Every structure is written in C-alpha cells, then in structure tokens.
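Participant: Once you've had a glance at the structure underneath, I'll fire off some questions.
The values are calculated or read from the model by the stated rules, or taken from the named source; none is laboratory data. Quick caveat: nothing in here was measured; it's all calculated off a predicted structure. Note that each Cβ is placed from the backbone with ideal geometry, even for glycine, and that neighbours are counted across all protein chains shown. Protein only, heavy atoms only, side chains kept; ligands, DNA and RNA dropped before computing areas. Shrake-Rupley method; radii C 1.70, N 1.55, O 1.52, S 1.80 Å.
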Amino acid sequence: MALHITGDPKADELLSDDAFALLTGMLLDQQVPMETAFAGPEKIRERVGAIDPATIAGYDPEAFIEVFKQRPSVHRFPGSMAGRVQALAEAVQSDWGGEASAIWTKGHPDGAEVLRRLQQLPGFGEQKAKIFLALLGKQCGLQASGWREAAGHYGDEGAFRSVADIVDAESLTKVRATKQAAKAAAKSAKA
C-alpha cells in the first residue's frame, strides 16, 4: 500500500517500499513536524547513496552527523539523531539480519509480540512502538492477530491520533487538530 505522509512523492515512495526507511522515519518523529521526520530517510538515501541497515551502521559516525547537518537538515538535533539512527541500523543488522520487516513478520508474531520487539529497538519507547504498530496495521497490511489491542488507542478505527492515521492532507489536518487539543487539555490540567 502506498503511504502519503510527507507530501513528497519520492520520500513517500521510499517509505512505502523500504521497511527500514519507514522504521527510521518513525524514529526521527520527535521534536520536528511529522512530514520532516518521515522525509528524513529520503534525505539520507540521497546523501549516502543507500538507506539499508548495513550501510548506515557502517558509516563513519562523524561523517553521518554531517549528512544530517546538510541543508535542508535531516533533523533539528543532527548529532543525537544521527547516533540514534545508526544505533537502530546496528540493531536491525545484528538482531534481524538487516531485514527490518522481520521484526513484524519473522515467526508470524501476534500484535503483542510485535510491540515487544519494537520496544526493544533503540529509540522506541512504548508510545512510539504503539504508534508504529498502528501504522503497520492500518496502512501496511500487518495481519498479526491482536495488533489493534496491542497498539492501544492508536489502533482505534477512525481515530486521528498519529501518523498511523495520515493518508492525505485532510487526515493530516485532523491529526494535527487532535494533537493540539491534547496539548491544550494537558496544559489546562496543569493550571
């Protein structure tokens, strides 16, 4: 299934076709707009020549930071995020034979097991893992039993809570509105 997250057809095509690129986009999705985060793998691929785990894991760390700093930058925190992407690449390479999709397909895991596997990845806490699980289930054809339950409210049908629910410009607007409302509610609760 073709993903429509970034607004850039080339970046979205990479996300649709490459499991590690999609996983990397999810990792980058913090403290930057979603479109920027998920466009990151295409910027990396253009600058490095590849986005496979072996290439990224083996890349000189200082040179990889420079890849992140080139304009337009891959992320607003190039040093720390370049390191996180390399750590993710190393984990996928060593633990999953370089095949990111094995995380959610090897051994036909159920949703709870996919969630557990995602949470073991560098940079993937519970919330990020649940959002990615929902993205796999809602847009990437994941058939693991119990994925909606394991993804929590991110797996809800008809919700507009995360990148898992973005299929076009209208749904992006709805997700942004939901996030803004949640932030306003949290701020109000503190006051």
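Participant: Hey, SER73 hits all of (1) open to solvent by less than 50 Å² (accessible area, probe 1.4 Å); (2) closer than 20 Å to PRO122 by Cα but one; which does it fall short on?
Facilitator: Single failed check for SER73: (2).
Participant: List pairs: first residue in region 173-191 and within 18 Å of GLN31 (Cβ to Cβ), second residue surrounded by 10 or more Cβ atoms within 10 Å (Cβ to Cβ) anywhere in the structure, Cβ distance under 8 angstrom, at least six positions apart or on different chains.
Facilitator: These pairs meet every condition: VAL175/MET34; VAL175/PHE160; VAL175/ARG161; VAL175/SER162; VAL175/VAL163; VAL175/ASP165; VAL175/ILE166; LYS179/ARG161.
Participant: Checking GLN93 against (1) closer than 20 Å to GLU42 by Cβ; (2) open to solvent by 60 Å² or more (accessible area, probe 1.4 Å); (3) touching a Pro at 6+ places or on another chain (Cβ under 7 Å); (4) not small (Gly, Ala, Ser): exactly one of these is not met. Which one?
Facilitator: (1)
Participant: Let me ask something else. Would you mind stating whether SER101 is closer than 19 Å to GLY123 by Cβ and surrounded by fewer than 15 Cβ atoms within 10 Å (Cβ to Cβ)?
Facilitator: Details: closer than 19 Å to GLY123 by Cβ: yes; surrounded by fewer than 15 Cβ atoms within 10 Å (Cβ to Cβ): no.
Judged against the criteria, SER101 is not a match.
Participant: In region 20-42, which residues are farther than 21 Å from ASP168 by Cβ and surrounded by fewer than 20 Cβ atoms within 10 Å (Cβ to Cβ)?
Facilitator: GLN30, GLN31 - these are the residues of region 20-42 that are farther than 21 Å from ASP168 by Cβ and surrounded by fewer than 20 Cβ atoms within 10 Å (Cβ to Cβ).
Participant: So, one more: Just to be sure, is ILE56 buried (at least 17 other Cβ atoms within 10 Å of the Cβ), closer than 22 Å to LEU3 by Cα and either among the aliphatic types (A, V, I, L, M) or free of Cβ contacts under 8 Å to residues at least 40 places away in the same chain (or both)?
Facilitator: No: the conditions fail for ILE56.
Participant: Restricting attention to region 1-11, and to residues there that are without any contact (Cβ under 8 Å) to a residue 60 or more places away in the chain and surrounded by 20 or more Cβ atoms within 10 Å (Cβ to Cβ), which single residue is farthest from ALA102 (Cα to Cα)? Please lay out each step first, then the result.
Facilitator: Taking region 1-11 as the starting set, the residues that turn out to be without any contact (Cβ under 8 Å) to a residue 60 or more places away in the chain are 2, 6, 8-11.
When the remaining residues are screened for being surrounded by 20 or more Cβ atoms within 10 Å (Cβ to Cβ), the result is 6, 11.
Details: THR6: 25, ALA11: 22 Å.
Within region 1-11, the match that is farthest from ALA102 (Cα to Cα) is THR6.
Participant: Considering only residues of region 149-191 that are part of a loop (DSSP other than H, G, I, E, B) and among the charged types (D, E, K, R), which is most open to solvent (accessible area, probe 1.4 Å)?
Facilitator: So, considering only residues that are part of a loop (DSSP other than H, G, I, E, B) and among the charged types (D, E, K, R), the one most open to solvent (accessible area, probe 1.4 Å) is GLU157.
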